[in-house]
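Comments concern the structure below.
The values are calculated or read from the model by the stated rules, or taken from the named source; none is laboratory data. Source: prediction; values computed, not measured. With ideal geometry, Cβ positions are generated from the backbone for all residues, glycine too; neighbour counts draw on all protein chains shown.
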Amino acid sequence: MQLSGQIKMMKTSLVEGQAYYDLSIGSDTVNMNALVGKQIEINFLGQISCSNCGNKMSKSFSQGYCFPCARSLARCDLCIMKPETCHHHLGTCREPEWGLENCFSSHVVYLANSSGPKVGITREKNVPGRWIDQGAISAIPILKVKSRLDSGRVETALKPFIADKTNWRKMLKNEVEIVDLVSKKTALLGEVEALTKELDAKWLDDAVVNIHYPVLKYPSKIVSLNLDKTPFISGTLEGIKGQYLLLDSGVINLRKYSSYHLEINI
Ligand SMILES: [Zn+2]
């Protein structure tokens, strides 16, 4: 079967501990879990359209936007990556209305184990999707706060005690140490108790969520596939983790190619 069109990052869902992936391509949606173990071909058709304005572009910015949109949309601003630098209160938000709707809503501070324990933040409605996008094998929400800025302040306060980044190579090889996130959580909350009171943060007592990925075989060596350099790639799909397809010929971060027009043969 051949499908073609513009892609978006894979949509994820968690059902009874199992991660599921759907890829939107053109007007079709592909259940990617069903393709694990099968041969697939991916062909970049040489066209990229901005996921905001639809304009054709030769290079994608901020994972799917044209340069002008990447410069003018609040969702592409640096404060999205560094929430503690939210500048809405200064009146300089690129899209104040968007900011009110998206950044001044409940956010969750969580611990996840993707390549080792790390702290992260996300909008409450992005749980557990955010964890799957990062390839976490387990995660636990620790605090609920009222804004993205507050979540960033907690995350920053925790940085001296825990990592905030994933080593994606280790994540893909499944070289993940087993950690007790519950005791980690207790220790870390002790470090930021005063700040959580100041922010009126809600301490959460959710259980650890374990996530299983549709993977038959993890790569022992990471070979990165790049559609900009090699527009045609093929291989047996051995698994999916994070937003990566694990092919026997290499790994590809599909998120990087959001807004690309592809042809997929399955
Ligand atoms: Zn645009």
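I'd like to check something: does region 181-194 contain any residue that is assigned to a loop (DSSP other than H, G, I, E, B), on the phi < 0 side of the Ramachandran plot, aliphatic (A, V, I, L, M) and in contact (Cβ under 8 Å) with a residue 40 or more places away in the chain? Don't jump to the end; show me each part of the working.
Initially, region 181-194 is screened for residues assigned to a loop (DSSP other than H, G, I, E, B), giving 192.
Remaining after also requiring on the phi < 0 side of the Ramachandran plot: 192.
Then keep just the ones that are aliphatic (A, V, I, L, M); that gives 192.
Those left that are additionally in contact (Cβ under 8 Å) with a residue 40 or more places away in the chain: none.
No, because not a single residue in region 181-194 is assigned to a loop (DSSP other than H, G, I, E, B), on the phi < 0 side of the Ramachandran plot, aliphatic (A, V, I, L, M) and in contact (Cβ under 8 Å) with a residue 40 or more places away in the chain.
Would you mind finding the one in 130, 169, 153 that is touching a helix residue (DSSP H, G or I) at 6+ places or on another chain (Cβ under 7 Å) and part of a helix (DSSP H, G or I)? If you could, list the steps in order and put the result at the bottom.
Working: 130 fails: touching a helix residue (DSSP H, G or I) at 6+ places or on another chain (Cβ under 7 Å); 169 fails: touching a helix residue (DSSP H, G or I) at 6+ places or on another chain (Cβ under 7 Å).
Going through 130, 169, 153 in turn, just one is touching a helix residue (DSSP H, G or I) at 6+ places or on another chain (Cβ under 7 Å) and part of a helix (DSSP H, G or I): 153.
Residues to consider are 14, 45, 3; find the one that is modelled with pLDDT of 95 or more and either in a loop (DSSP other than H, G, I, E, B) or within 25 Å of residue 155 (Cβ to Cβ) (or both). Matching residue, one of 14, 45, 3: 14. Scanning region 61-72 for residues that are touching a helix residue (DSSP H, G or I) at 6+ places or on another chain (Cβ under 8 Å) and in a loop (DSSP other than H, G, I, E, B) returns 62, 63. Restricting 47, 63 to those that are within 16 Å of the ligand (Cβ to nearest atom), outside the structural domain of residue 235 (by TED's automatic domain parsing), surrounded by fewer than 17 Cβ atoms within 10 Å (Cβ to Cβ) and polar (S, T, N, Q) reduces the list to 63.
Every condition in (1) at pLDDT below 95; (2) under 24 Å from residue 63 (Cα atoms) is met by residue 225 except one, and the failing one is (1).
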